[in-house]
Structure formats: C-alpha cells, structure tokens
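**Student:** Take a look at this one; I'll ask things after.
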Amino acid sequence: MTIKEAKEIDMVDYLSRIGHQPVKISEPHYWYHSPLRDENTPSFKINRRMNKWKDWGSGQSGNLIDFGILYYKCTTSDFLKKLDGPGAGIKHSQVAKNYTANSQDEEKKEIKIVAVKPIASLALTRYLHQRRIPIALADQYLKEINYELNGKRYYALGFKNDEGGYELRNQYIKAASTPKAPTWIKNGAENLAVFEGFFDFLSYLTMNKNHATPARDFLILNSTSFFEKLLPIMQGYRQSHLYLDNDKTGQRCTDKALKADKGKFKDERGLYKKYDDLNHWLTHIGLTQKHQTRPRI
C-alpha cells in the first residue's frame with residue numbers, strides 16, 4: 001500500500017477494526033477516549049469529512065499514518081505493511097479530494113479565543129466549588145475565556161501556558177487552544193513541583209493554603225507529551241517532586257524520571273494512591289461513600 005492510499009483509509013472504520021468506538025458523534029466529528037494514552041474524558045476527535053484526527057489532551061494531530069506510527073510505535077513502512085496484512089478489509093474514506101486552504105486549516109482554527117476576563121460566570125464558580133478550588137485562589141491563575149468553536153460561542157475556565165495558549169475546562173469540556181505548551185511558574189526556588197494539569201496544581205495550593213510550606217517553583221505540563229523533553233529542566237533543581245496521575249502514563253513518566261536520576265526526583269503519589277490524581281483525592285476528602293462522585297473533566 002502506498003502512503004497516498006493509506007491516507008485515504010476511513011479513520012472511523014479503521015479505529016473500529018482495532019477495537020475503538022466513538023463515545024460521542026456530532027457529524028462530522030467523532031469523539032473517543034484517546035487510543036494513544038489513558039484518560040477518563042474523551043478528548044480524541046476525528047473529523048470524518050477531513051479524515052484527520054486531533055488529540056486535544058496531548059496536542060498531537062495528523063492523518064492515519066501519523067496515528068499508526070504513534071499507536072504501534074513503528075516506522076511508516078512497518079505501518080503500511082500492517083495495512084496490507086491478511087484480512088485488513090480496510091474501507092476507503094469518502095473524503096473530498098479538493099480541499100480549499102481554509103478547510104485544510106479547519107482543525108487549527110476550530111477554537112478561537114474571543115475574550116479573556118475575570119471569572120464571573122455562576123456556572124464556572126459552581127464548577128470550581130465542585131472541584132473544591134477556592135474562588136480567591138482560582139482568580140490568581142485562571143480566567144473566564146469566551147471562545148468560538150465551529151461558529152458557536154462558549155465559555156470556560158482558562159489556564160494560560162507559556163506560549164499564550166489556554167487549557168480550557170468547564171463541567172462539559174476538556175479542550176485547549178493553540179499553541180499547546182506547558183506552564184512554568186518561577187518563584188526563584190531550589191525545588192520544583194510537577195503536575196500533569198492545572199487542577200492538580202490548584203489542588204496542591206488549596207491543600208497548603210493554611211500551612212507554611214517550602215518555597216517551590218511549579219511546572220504544569222498541560223500534556224504528558226512534554227515530560228521527556230522537560231526532564232533536563234527538572235534535573236536542574238535540587239529536587240523535583242512529581243505529582244502525576246495514578247495511571248499507566250503517570251507511572252511511565254515517573255519511572256523514566258527515577259531511572260534518569262533517582263536522587264533528584266521524588267514520587268509523591270503515595271499521598272493519593274487510591275485515587276486517580278491529586279484533585280480526585282481532594283474532592284473526596286470528608287465525603288461519604290454515598291456521595292463519592294468525581295467530576296471527570
């Protein structure tokens with residue numbers, strides 16, 4: 001099979017054949033729990049009209065070949081051989097052949113930031129309360145973001161990254177505007193605390209708001225895809241404390257750091273070992289078993 005032929009394979013059909021079904025469909029968009037990593041909220045989307053995918057959690061995107069290389073951890077030629085394998089029975093996409101320049105850039109332009117302002121929405125305030133983040137603390141690091149998606153207006157909490165993009169969260173969505181990047185908060189400290197997402201970072205501050213704690217810099221990855229690239233920065237600190245998720249990805253990143261320098265890195269997940277992540281732990285403190293329902297965004 002040629003590269004051109006592979007790019008014309010229907011991605012929705014292909015994911016179905018390897019065991020991944022959409023969680024939600026809003027033509028032409030098919031939403032999945034990402035096949036490339038562990039997650040609780042579906043943030044992997046296929047635009048079936050364009051036959052392209054985007055993982056909003058990691059910031060990665062591309063065509064079927066890009067997906068196959070990441071999914072199977074193989075080369076382009078190895079993936080093409082898999083597509084030619086016995087019983088492949090692959091369907092070709094009905095993607096239009098003549099894209100305009102605008103339609104080719106659709107994925108990049110989908111989320112457009114319209115306004116950035118202080119948090120005022122009652123729905124967002126309630127959402128912060130549900131995640132047990134004090135409003136006064138949220139006001140220091142978050143904004144209310146008005147954004148446009150496919151011609152419609154929405155709003156969400158926004159956490160700014162170092163390249164000017166925003167992580168976007170409300171009760172219903174987990175998304176990000178471009179560019180996707182980590183957030184590094186420098187306080188001139190010798191030690192560093194590392195988090196996967198901003199709710200875990202805010203949970204850490206919430207837990208310690210009434211206690212004297214050692215000064216630390218903070219690194220919020222916003223995507224674990226940045227972890228390996230940022231290892232040298234983490235190793236530059238006297239010690240880096242890792243508050244990663246209790247899943248396969250969090251374990252893999254933690255193992256990689258400890259292998260690189262066991263003396264520099266400290267795995268802090270023992271604090272919340274029975275929970276998905278630090279915010280999950282925080283939202284369950286004092287709750288009865290009857291009411292243990294975690295927001296999954």
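**Student:** Round to a whole number: what % of the accessible area of the chain belongs to carbon and sulfur, probe 1.4 Å?
**Tutor:** Values: 7700 of 15430 Å².
C and S fraction of accessible area: 50 percent.
**Student:** Which angle between 0 and 90 degrees, to the nearest 10, do you get for helix 248-260 versus the longest principal axis of the chain when only C-alpha atoms count?
**Tutor:** Long axis of 248-260 versus the principal axis of the chain: about 70 degrees.
**Student:** A further question follows. Expressed as cubic angstrom per residue, what is the convex hull volume of the alpha carbon set of the chain?
**Tutor:** Numbers: hull volume 46.8 nm³, N = 297.
Each residue corresponds to 158 Å³ of Cα convex hull volume.
**Student:** For each pair in LYS143/LYS262; LYS24/LYS54; LYS4/LYS82, compute the distance between the two Cα atoms and list the pairs where it is over 25 Å. Kindly include the intermediate steps, with their values, before the conclusion.
**Tutor:** Details: LYS143/LYS262 37 Å; LYS24/LYS54 15 Å; LYS4/LYS82 15 Å.
Those over the limit are LYS143/LYS262.
**Student:** Could you state the accessible area per residue of the chain in Å², with a 1.4 Å probe and every protein chain left in place?
**Tutor:** Values: 15430 Å² over 297 residues.
Per residue, the chain has 52 Å² of solvent-accessible surface.
**Student:** Still on this model: If each DSSP helix of 4+ residues adds -39,500 (n - 2.57) and the sum is divided by the residues in the chain, what number results at 222 nm, nearest 500 deg cm²/dmol? Intermediate values should be presented prior to the final figure.
**Tutor:** On the way: 12 runs with 92 residues, N = 297.
Estimated from H runs of four or more residues: -8000 deg cm²/dmol.
**Student:** While we're on this one: Hey, what's the per residue convex hull volume over the C-alpha atoms of segment 174-254, in cubic angstrom?
**Tutor:** Details: hull volume 8.7 nm³, N = 81.
In segment 174-254, the Cα hull volume divided by residue count equals 107 Å³.
**Student:** Here's a follow-up. With the cut-off at 20 Å, tell me which of the pairs LYS186/LYS264; LYS248/LYS274; LYS186/LYS256; LYS229/LYS256; LYS180/LYS229 have Cα atoms farther apart than that.
**Tutor:** Working: LYS186/LYS264 18 Å; LYS248/LYS274 14 Å; LYS186/LYS256 24 Å; LYS229/LYS256 12 Å; LYS180/LYS229 14 Å.
Going by Cα-Cα distance, LYS186/LYS256 fall outside the 20 Å limit.
**Student:** Just to be sure I understand: with springs between alpha-carbon atoms less than 10 Å apart, which residue in HIS280, HIS129, HIS241 has the highest mean-square fluctuation in the Gaussian network model of the chain?
**Tutor:** Among HIS280, HIS129, HIS241, the largest GNM mean-square fluctuation belongs to HIS129.
**Student:** What does the extension gain come out to for ALA212 and THR125, with contour length at 0.36 nm per residue minus their alpha carbon separation?
**Tutor:** Working: separation 87, 0.36 × 87 = 31.32 nm, distance 2.70 nm.
Length gained between ALA212 and THR125: 28.6 nm.
**Student:** Which far-off residues, 5 or more places away or on another chain, put their amide H under 5 Å from the one on ILE9, with H placed in the peptide plane?
**Tutor:** SER93
The values are calculated or read from the model by the stated rules, or taken from the named source; none is laboratory data. All values derive from a computational prediction rather than experimental measurement. Heavy atoms of the whole protein, side chains included, go into the accessibility calculation; ligands, DNA and RNA do not. Shrake-Rupley method; radii C 1.70, N 1.55, O 1.52, S 1.80 Å.
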